[in-house]
Amino acid sequence: MIWVFSIAFILFWSLAHAAEASSGIEWTALLMTVIGGLALFLFGMEKMSRGMKKAAGDGMRDIMSALTRNQFVGLFVGALVTMVIQSSSATTVMLVSFVQAQLMTLTQSLGVILGAGIGATVTAQLVAFKLTDYALLMIAIGFAMTLFGRKESTKYFGETLFGFGILFFGMKLMSDAMVPLRTYEPFLKVLKGLENPWMGLLFGCVFTALIQSSSAFTGIMIVLAQQGLLSLEAGIPLILGTNVGTTITAILASMGASRDAKRVALAHFLFRVAGVLVFAFWIPYFAELVRWFSPEGHGVGLERLATEAPRQIANAHTFFNVSSAFLALPFLKPFHKLLHVLLPKRENEHVMVQTTKYLRDSALATPAVAIKLARSEISRMAGTLKGMLESVIVPFQTNERHPDPWYPHMTVVEAIVFREEKVDFLEKSIVEYLRNIGRQEIAKEQIKEVYAMMSIVNDMESIGDVIQKNMIPLIRKKRLLNTDFSEEGKNELIAFHTKIVKQMARLDDAFKGMDMEIAEKVMSKEEKYSDLEIDFRKRHLRRLQDEMEASIETHEIHMELMDLLKQINAYAAHIAQTIQYIGEKRESTQNKVAV
């Protein structure tokens, strides 16, 4: 969005200098005030949205992910969530994520998409109220509540009010700056030209797609209307265009996602386009209908237009989205089939569902059984990590994109990213399950074991982060170099990597059987492998001294990769130490029972 405003500023600033002398309008001051006001408007909207999100907590996400198949409920929830987060685009992006993560089905998401359009109109209705005279008062009260409020809820409400005030202050700046344009004929002709439905629709679509905020563009329209510069006939095509342009955010978010996640973005786009096509051919009648529902203004001519048009534009926005949603609601089942026709399942498409295999809530009543199930799930997590670690060396050996041996439809790097997401999912699920075990009436020794297992899970998740967040970017750096390691350096890296993979295999065996001997071996090997890493490091530095070209060019990547493998070795030793602790506590308990 920043680059859009930067280009627009440079373009209009250069045009302003050319036009300033002939028009008598101080274009530079006008442009700076309008852009500054728009920046405040967007900042205020973001601040208001943030305050409302904090007040709502994670409840909005929980509500969405727990939806039933009832499309009316989905419609209501979509409207509610969008009213809170102040962005239909954000709601739809959330839906794309939920469907991608298998937390929601495509069918469930369709009703929510329709509701999101309705919720987005609340911003326009609020903006249409002429509250600009009270903007500074709202800023002052909101800031005081944020600064001096004792309760979190008071601070959140203060942040919302503070953002609301900044939003209206930005509107006031834009509105005051546009007063000279009331009599500037070239500008009036441009706005008059937007009454052409297809021209206005195109302009609204493109501009909204560029700034990726339909609420911001609607705010600009209402500011123009408040100055009598924009009629309802010109505003309606712009509203229709902005409803199509706002779909770009979800489309971008769905790139690289699953087929169903892509269908969510496509549904959002098709819903909006279908609604626009229904309304575009009877805009004059639609305008009359909106006027009939909207309150009459006061004064005559420009003054009357300035009091009527803002509310009429906001009402047109609401009427369009509400009527479009309820018209589409009965056709969601055939529409669902249409989405599968337009985006059919690929032959090689694999449904990657992130789920636990062993955790059962029904076992929580029997903590000993629940602990065993958690241990099985942790072992599964360890196996996933071992797969990540085994395959990560491949892209360092060659620049060719190899398919993953376990997921042939993915490259090695893509499969590592997928496994890391799986590790993150398992970490959250297992820790939550262990907490639920800890809430039961269990023995002190079991409590210690539960917390020790939490420590193991956290260490495993850290290993996953090292591979995904540190090694994957290193692969990209290696490819950009387009140079291979020296033969000796490559052999050392492969040898050290093989040792660390063996550590992960030992770790899995130790954990499965709570075998303290294997855990002890992991810890002793950690020291041995640390010494080996130092030896390999010295050899690499000797090659640098000998000015071996391959070693010089790959020095940074070589050293960082070796260091990352060393970190994983250290995490493995810490996990082994925790396994040993659990085993010792178990032996102690068994001895007490025997006595």
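The values are calculated or read from the model by the stated rules, or taken from the named source; none is laboratory data. Given the structure is predicted, the values throughout are model-derived calculations rather than measurements. Counting neighbours? That spans all protein chains shown, and the Cβs are built from the backbone with ideal geometry, glycine included. Accessible surface areas use protein heavy atoms only, side chains included; no ligands, DNA or RNA. Shrake-Rupley method; radii C 1.70, N 1.55, O 1.52, S 1.80 Å.
Worth pointing out:
- For Asn491, the conditions (1) surrounded by fewer than 16 Cβ atoms within 10 Å (Cβ to Cβ); (2) touching a helix residue (DSSP H, G or I) at 6+ places or on another chain (Cβ under 7 Å) all hold with the exception of (2).
- Count - residues of the stretch 15-30 that are outside any loop (DSSP other than H, G, I, E, B) and either in contact with a Leu (Cβ under 9 Å, 6 or more places away or on another chain) or modelled with pLDDT under 70 (or both): 11
- Those helices (runs of 4 or more DSSP H) lying entirely in the stretch 354-469 with at least 1 residues closer than 19 Å to Ala505 by Cβ and touching a Lys or Arg at 6+ places or on another chain (Cβ under 8 Å): 367-392, 412-438, 444-465
- Among the residues of the stretch 528-545, not a single one is at positive phi, over 40 Å from the mean Cα position of the chain (by Cα) and open to solvent by 50 Å² or more (accessible area, probe 1.4 Å).
- Filter pass, Glu584 being more than 40 Å from the chain's Cα centre (by Cα) and in contact (Cβ under 8 Å) with a residue 60 or more places away in the chain: yes
- Tallying residues that are free of Cβ contacts under 8 Å to residues at least 60 places away in the same chain, closer than 24 Å to Thr208 by Cα and outside any helix (DSSP H, G or I) within the stretch 111-159 yields 1.
- Residue pairs whose Cβ atoms lie under 6 Å apart, sitting 6 or more positions apart in sequence or on different chains, and linking a residue in the stretch 208-231 that is on the phi > 0 side of the Ramachandran plot to a partner that is open to solvent by 10 Å² or more (accessible area, probe 1.4 Å), are Gln212/Thr249; Gly228/Leu302; Gly228/Leu305; Gly228/Ala306.
- Pairing residues of the stretch 319-342 that are farther than 20 Å from Val73 by Cβ with residues that are β-branched (Val, Ile, Thr) and at pLDDT below 85, at Cβ distances under 9 Å and at least 6 apart in sequence or on separate chains, gives Phe319/Thr121; Phe320/Thr121.
- Qualifying position, being farther than 30 Å from Glu584 by Cβ, touching a residue at least 40 places away in the same chain (Cβ under 8 Å) and under 40 Å from the mean Cα position of the chain (by Cα), among Lys477, Lys512: Lys477
- Looking at Phe76, Phe41, just one residue is at pLDDT 70 or above and surrounded by fewer than 20 Cβ atoms within 10 Å (Cβ to Cβ), and that residue is Phe76.
- Consider the stretch 440-470 and keep the residues that are within 23 Å of the chain's Cα centre (by Cα) and aliphatic (A, V, I, L, M). The one that is surrounded by the most Cβ atoms within 10 Å (Cβ to Cβ) is Ile467.
A quick yes/no check of all residues on (1) at pLDDT 85 or above; (2) open to solvent by 40 Å² or more (accessible area, probe 1.4 Å); (3) basic (Lys, Arg):
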residue: Met504; (1), (2), (3): yes, no, no
residue: Leu507; (1), (2), (3): yes, no, no
residue: Glu517; (1), (2), (3): yes, yes, no
residue: Ser524; (1), (2), (3): yes, yes, no
residue: Glu556; (1), (2), (3): yes, yes, no
residue: Asp563; (1), (2), (3): yes, yes, no
residue: Ile575; (1), (2), (3): yes, no, no
residue: Arg586; (1), (2), (3): no, yes, yes
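- For the criterion of being open to solvent by 40 Å² or more (accessible area, probe 1.4 Å), of a type outside the set (A, V, I, L, M) and at pLDDT below 85, Glu421 fails.
- Pair list, Cβ < 7 Å and 6+ apart or interchain, from the stretch 400-417 residues that are touching a residue at least 40 places away in the same chain (Cβ under 8 Å) to residues that are not hydrophobic (A, V, I, L, M, F, W, C): His409/Asn348; His409/His350; Val413/Pro395; Ile416/Ser391; Ile416/Gln468; Val417/Gln468
For (1) buried (at least 24 other Cβ atoms within 10 Å of the Cβ); (2) closer than 21 Å to Thr105 by Cα; (3) of a type in the set (Lys, Arg), each residue gets a yes or a no:
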residue: Leu230; (1), (2), (3): yes, no, no
residue: Pro237; (1), (2), (3): yes, no, no
residue: Thr242; (1), (2), (3): yes, no, no
residue: Gly245; (1), (2), (3): yes, no, no
residue: Val264; (1), (2), (3): yes, yes, no
residue: Phe269; (1), (2), (3): no, yes, no
residue: Val276; (1), (2), (3): no, no, no
residue: Phe279; (1), (2), (3): no, no, no
residue: Pro284; (1), (2), (3): no, no, no
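- For Gly513: the one exception among (1) of a type in the set (Gly, Ala, Ser); (2) under 22 Å from Met388 (Cβ atoms); (3) modelled with pLDDT under 85: (2)
- Pairs meeting the criteria (first residue in the stretch 480-508 and on the phi > 0 side of the Ramachandran plot, second residue surrounded by fewer than 16 Cβ atoms within 10 Å (Cβ to Cβ), beta carbons under 7 Å, at least 6 apart or on different chains) are lacking.
- Evaluation of Val466 against (1) closer than 15 Å to Thr578 by Cβ; (2) at pLDDT 90 or above (one fails), failing number: (1)
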